[in-house]
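Here, each number is a calculation from the coordinates, and none is a lab measurement. Note that this is a predicted model, so its numbers are computed, not measured. No Cβ is skipped: glycine too gets one built from the backbone with ideal geometry, and neighbour counts run over all protein chains shown.
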Amino acid sequence: MSAVFEYPTSALEIARAVRAGEVRAREVVEAALERIASFDGALHCFLTVTADAALAAADAVDAVVAAGGDPGPLAGVPLALKDNLCTRGVPTTAGSRILEGWVPPYDATVVKVVAAAGAVAVGKTNLDEFAMGSSTENSAYGVTHNPWDPNRVPGGSSGGSAASVAAGLVPLALGSDTGGSVRQPASLCGVVGVKPTYGLVSRYGLIAFASSLDQIGPFAATVADAAALLDVIAGHDPADSTSLEVGLEPVSRQLEAGVAGLRVGVISDFLVDASPSCVAAVRAAAEVLSRAGAVVEEVAIPALMLGLSAYYLVAPAEASSNLARYDGVRYGLRVDGPDAAQMNARSRSKGFGPEVKRRIMLGTYVLSAGYYDAYYGQAQRVRTLVARGFGEAYEHFDVLIGPTSPTVAFEIGAKTQDPLAMYLSDLYTIPTNLAGHPAVSVPFSLSEGLPVGVQVLAPTLGEGPMFRAAAVIEHGADPGARGPIEPRLAGAVR
Amino acid sequence: MTENGSAARGWETVVGLEVHCELSTVTKLFCSCPNAFGSEPNTNVCPVCLGLPGSLPVLNARAVEFAMRIGTALGSSVEASVFHRKNYFYPDMPKDYQISQYDAPINVGGHIELADGTLVGIVRAHIEEDTGKTTHVGGGGRIHDADYSLVDYNRAGVPLVEIVSAPDIRSAEQARSYVTELRAILVATGTSDGRMEEGSLRVDANISVRRAGDAEYGTRSEVKNLNSLRSLGRAVDYEAARQIGILEAGGTVAQETRHWNEEEGRTSSLRSKEEAYDYRYFTEPDLVPLVPSAEEVAAVAAALGPLPAARRHRLAELVAADGAPAPVDQLATVVGLGLDDLVAAAAGAGADARLALARASNEAANRPDEARALDPAAFAELVKLEAAGKLSATQSKSVLAAMLEDGGEPAQIATRLGFEALDPAELEAAVDAAIAAHPAEWDRYRQGDAKVAQFLLGAVMRSTRGRANGKAVAALLEARRN
């Protein structure tokens with residue numbers, strides 16, 4: 001390692017140094033693998049570490065640099081992939097027993113795209129089974145520990161990705177956000193987490209949970225790093241029919257534009273039940289924006305509070321169909337039975353965990369003949385109401401802000417026996433998914449040593465103003481509230 | 001029981017057909033795998049059509065165009081449509097749901113005119129994907145008693161259009177006629193090869209009976225596994241008779257799905273209404289609504305050639321110009337295979353239309369792909385040679401076979417094959433030789449045994465190696481007898 005180069009450091013600094021030939025990608029990746037080896041035994045962010053492939057990819061980047069070629073904007077940047085993104089030749093479990101040992105024969109589009117940009121995937125991160133959960137405790141492969149406090153959850157479902165960035169194992173990670181699964185763990189781990197506009201990032205190769213809500217998004221320690229990764233993964237993909245054909249002006253270039261004159265609405269409905277520290281963070285962030293020249297006002301959007309109940313009908317309905325294919329016939333776990341139906345039932349009974357089963361049953365029920373209109377049909381109408389509520393607000397505001405999560409990271413086991421309490425973790429993130437909008441969680445302050453994130457929400461393709469506001473909030477935030485940190489490990493003195 | 005028997009006792013059979021048609025696109029409906037029949041199992045597959053985790057469908061624009069052609073040919077309204085998921089578990093369905101269309105299909109309404117003039121309404125013709133194919137090994141070859149099953153996913157994701165008729169069909173004969181006509185339309189629009197034996201067309205029949213004059217329909221059964229026109233006709237007759245038997249004995253017909261067993265010639269219950277799947281349809285979130293523009297619809301309509309019924313009429317007029325009615329079967333075959341342009345071109349070039357139709361509907365029909373590629377002028381020339389007696393029927397068929405194989409001019413092929421027409425003296429000598437060689441048969445012929453004429457004709461054909469014109473031989477024999 002070059003004397004001047006410290007790891008962890010930001011993705012943009014790594015890419016700059018690698019491109020300039022100041023450090024070799026191999027050195028960076030070795031440093032990342034070393035840090036993973038040091039800390040991940042305790043944290044359990046990763047389900048699979050692909051050291052050999054990562055070193056080979058790093059060497060390829062170095063070879064391009066040596067040859068005077070362009071190694072891409074993320075040259076040599078170690079990156080973690082949530083284990084619901086398909087990786088050719090690398091086991092992909094979605095956190096489920098039912099996919100234990102399954103090795104995809106293909107790469108997700110984002111996996112190809114980040115590799116083409118020079119990023120080096122170092123492994124696959126832990127998640128709630130099939131991305132269903134808010135704590136990563138629903139993983140079939142054990143819980144991930146929050147680097148800020150090993151007794152607490154990292155949030156979820158993309159807990160492994162969030163924690164890996166917070167602990168400085170990697171500067172960048174990808175997650176997926178169906179109801180808050182990037183933003184909520186980002187908030188709980190003190191990192192930036194982005195849920196892009198639906199259709200901005202290809203879903204091809206993302207193991208589906210709820211197709212109309214799923215969207216892949218970046219984790220990073222800084223807004224600028226998150227913007228750089230978003231700029232790489234955004235773009236039309238003909239393999240995803242829901243992929244948008246319109247482009248997005250790169251957000252990286254807009255970060256310095258400031259918020260003078262930007263109309264910011266503070267969602268008052270989100271301040272009623274959130275914990276005092278989360279409310280205080282939002283109010284302080286509003287003040288930061290206001291001082292930077294934004295026009296800040298409170299706004300009530302009551303329809304948003306209907307989102308949670310609609311989400312828990314729509315998402316399970318789609319999930320019940322998306323997860324039907326895990327039937328023991330073609331891949332994954334098979335438990336034999338006297339006939340196909342029995343084999344199917346036994347494989348699914350053994351392969352799925354309780355939360356996944358709960359949602360499959362719920363989803364199957366709400367789509368059933370005679371119940372469809374009362375539940376699924378009604379939920380779709382509520383979804384329209386949520387979108388309309390946002391739409392009216394965005395006639396007056398460019399972006400909205402609110403808490404990302406109602407609370408800071410909670411203790412492992414605190415909510416596992418109470419699914420409804422767990423579901424409430426996503427109360428403020430879900431409406432964004434229902435509307436297909438973008439949102440970002442930015443680390444802002446500490447509450448009793450735990451990070452608190454502030455959420456910036458924007459209308460469809462409003463990532464530009466959203467990132468401008470996020471950059472200003474980051475600038476005014478407590479620098480001690482964000483990763484990377486030296487992880488606090490179990491047994492250490494707190 | 002025959003239709004006439006049941007009709008005489010006051011029963012009416014009511015049939016509606018659901019026909020699944022495999023589109024002859026190059027690739028599958030949602031991926032770029034080949035849409036091909038007969039490949040090694042599980043070779044035409046990819047993450048999408050295997051339903052691997054994370055894969056997503058992308059709609060084949062060609063399949064949509066084909067569906068629009070079909071709808072336009074059926075007189076349907078081509079509308080904005082939405083894909084739905086039809087959810088049920090089955091091992092040959094990779095995703096355990098089928099992407100189909102539900103309450104917003106691409107084609108709505110329309111009709112088919114049968115050969116007898118009956119109009120059968122079309123309810124809808126929607127796009128959906130095919131499933132894989134399961135082979136049950138051991139037991140009776142059915143899923144419930146098989147030892148194990150093998151699944152071939154080559155067919156999974158092949159584009160289908162399901163054409164649903166109104167319950168306007170009233171007999172087995174009409175049911176067959178409907179499928180025949182539909183098949184001809186599909187072939188004519190270039191959307192399907194129409195091969196029932198390869199499963200390109202698969203028919204489910206909704207069958208019920210009622211007292212003639214009743215306004216209400218009876219309870220129907222849905223009969224599956226009808227793999228041929230013959231199966232369809234037999235199943236309609238069987239099922240109508242079975243239901244009439246139940247009703248005449250005072251029973252009630254159960255609404256259920258039944259399986260046609262071709263060997264046993266009967267249907268058996270597959271599942272009752274209570275056991276019917278709840279498909280839990282909902283909008284397919286991985287696809288966007290399909291909204292064809294008015295220009296696209298108009299372009300499809302404009303590109304559509306004349307349909308089979310119109311083409312049969314045109315051909316029939318050409319052939320019947322000689323005063324006799326045109327053979328209906330030959331018309332249907334030739335139009336069905338798209339050979340009517342060949343016949344019309346031959347007639348236009350001065351060949352005998354009736355003879356051209358006969359050759360096209362027999363020899364040419366055996367090799368339709370080659371026949372459609374025939375040079376119409378050469379075909380016309382062949383028909384003229386035969387009509388002029390320069391080629392015997394046997395010779396003409398041999399020349400046509402050679403033309404289908406390698407192309408070429410019929411006169412040159414005839415020369416190469418040694419098919420110089422016999423001169424009259426040679427022909428007379430051959431006939432006399434045959435008479436002399438078979439005195440007993442000649443006596444019987446002279447006494448009026450017409451059947452023996454074929455024997456004598458055969459003898460002449462053998463001695464001339466098929467070069468003799470059959471009609472001329474018959475005329476000579478007749479002349480010799482008198």
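One table, with the values for the structure above:
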read-out	value
Label-point gap, in nm, between A:Leu420 and A:Leu385 - each point 7 angstrom along Cα→Cβ	1.9 nm
Under 5 Å, built H, 5+ apart or other chain: amide partners of A:Thr48	A:Lys124
Simple Cβ-charge dipole of chain A, Lys/Arg +1 and Asp/Glu -1, about Cα centre, in debye nearest 20	820 debye
Sites B:Asp432 and B:Ala387 - FRET efficiency at Förster radius 22 Å, r taken between beta-carbons, to 0.05	0.25
Between segment B:322-396 and segment B:189-219, the alpha-carbon center distance in angstrom	33 Å
Three-way shape label, segment B:246-389, alpha-carbon gyration tensor, a/c 1.5	oblate
Partners for B:Lys224 among lysines (Cα-Cα distance below 18 Å; same-chain residues under 8 apart left out)	B:Lys133, B:Lys273
Shielding by partners - mean other protein chain Cβ count within 10 Å, residues of A:83-89	1
Sites B:Glu274 and A:Asp373 - FRET efficiency at Förster radius 30 Å, r taken between beta-carbons, to 0.05	0.85
Highest to lowest packing among A:179-187, A:464-472, A:213-221, scored as the average C-beta count within 10 Å	A:179-187, A:213-221, A:464-472
Computed label-point distance, nm, for sites A:Asp59 and A:Val103 using a 7 Å Cα→Cβ extension	1.9 nm
In sequence order, calculated HN-Hα J values of segment A:440-447 (Karplus, 6.51, -1.76, 1.60; Hz; x Gly/Pro)	9, 9, 10, x, 10, 8, 10, 10
Peptide ranges A:117-125, B:347-355, B:330-338, A:436-444 listed from the most packed, as the mean C-beta count within 10 angstrom indicates	A:436-444, A:117-125, B:330-338, B:347-355
Note, ³J(HN,Hα) from phi for segment B:204-210, Karplus 6.51, -1.76, 1.60, rounded to Hz, x at Gly and Pro	10, 10, 8, 10, 9, 10, 8
Around A:Thr144: net Lys/Arg minus Asp/Glu count, Cβ-Cβ under 12 Å	-2
Positive-end residue of A:Ala414, A:Ser243, B:Ala215, charge dipole of the protein assembly as shown with Cβ unit charges	B:Ala215
Cα-based Rg / Dmax (Å) for segment B:424-481	10.1, 28
Prolate/oblate/rounded call for segment B:247-312, Cα gyration tensor, a/c under 1.5 rounded	oblate
Orientation-averaged projected area, Cα convex hull of segment A:155-269 (nm²)	8.3 nm²
Computed P(r) (all Cα pairs; segment A:130-220; 10 Å bins; percent)	21, 52, 24, 2
Neighbour net charge for B:Arg195 - beta-carbon separation under 10 angstrom, K R +1, D E -1	-3
HN-Hα J in Hz across segment B:235-247 - Karplus 6.51, -1.76, 1.60, θ = phi - 60°, x for Gly and Pro	5, 5, 5, 4, 5, 4, 5, 4, 5, 4, x, 5, 5
Positive-end residue, segment B:308-416 charge dipole about Cα centroid, Cβ charges, pick of B:Pro410, B:Pro308, B:Pro325	B:Pro325
Sum of -39500 (n - 2.57) over DSSP H runs of 4+, divided by residues of chain B (222 nm, nearest 500)	-12000 deg cm²/dmol
Virtual paramagnetic centre 7 Å along Cα→Cβ of B:Asp145, amide N under 17 Å, in segment B:223-266	B:259-266
Normalised per residue, the volume of the convex hull around the Cα set of chain A (Å³)	137 Å³
Helix-only mean residue ellipticity at 222 nm for chain A, each DSSP H run of n ≥ 4 adding -39500 (n - 2.57), per residue, nearest 500	-11000 deg cm²/dmol
Span from the segment B:86-145 Cα centroid across to the segment A:133-207 one, whole angstrom	42 Å
Cα-centred dipole magnitude for the protein assembly as shown, charges only on beta-carbon of K, R (+1) and D, E (-1), debye, nearest 20	980 debye
Point-charge dipole on Cβ atoms (K/R +1, D/E -1) for chain B, about Cα centre, debye to 20	740 debye
Calculated FRET efficiency for the pair B:Arg230/B:Val137, C-beta based, R₀ 25 Å, to 0.05	0.40
Pair-distance profile P(r), taking every C-alpha pair of segment A:380-440, with 5 angstrom steps and integer %	4, 15, 22, 21, 15, 11, 8, 4, 1
Placed amide H near B:Val123: partners under 5 Å, 5+ positions off or other chain	B:Val164, B:Ser165, B:Ala166
Cα→Cβ-extended label distance, 7 Å offset, between B:Tyr88 and A:Arg291, nm	6.5 nm
Part-to-part distance (alpha-carbon centres) for segment A:86-108 and segment B:415-482, which is given in Å	79 Å
Amide H within-cut-off set for A:Val296, under 5 Å, with H built and near neighbours excluded	A:Val264
Cβ neighbours within 10 Å from other chains - mean over B:81-93	3
